[in-house]
Amino acid sequence: MQWVAFDASLLMADFPTDLKPLFEAWINQFPEKVGRLAQIIDRIRSEFRDAILTNPENTLVSDEIALPESCIRSAETMVFYNLMMEMGLSIKDEAQESMT
């Protein structure tokens, strides 16, 4: 199993192009939120690592910021969703319908 560092640099590289300028504007408007992305990443990463450990046959790598590569897309989606909700953005109806 390949493990990947799940941190702000990875998220910034994968940031959706339509969300990135909104995020930057949000940070400019609310500079006290500058560390919020890292906090959300830490929480989501911790939840994924805890979930992996619920199966006693699973083991974690010693790198505490790493997640299995197969989890990255789902973890990123959760981070972006949480960030959007905190920013007061909503998911477009057509996007919600495509998930059902």
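Each value in this text was obtained by applying a stated rule to the coordinates, not by laboratory testing. Since the structure is predicted, the reported quantities are computational estimates derived from the model, not experimental observations.
Look at the alpha carbon pairs under 8 Å that are at least 6 residues apart: their mean separation over the length of the chain gives a relative contact order of 42 percent. Taking every full run of DSSP H in the chain, the ones that stretch at least 18 Å from end to end by Cα along their long axis and average 0.0 or higher on the Kyte-Doolittle scale are 72-87. Sorting the Cα pairs of the chain by distance into bins of 5 Å, from 0 upward, gives 2, 11, 22, 23, 16, 13, 8, 4, 1, 0 percent per bin.
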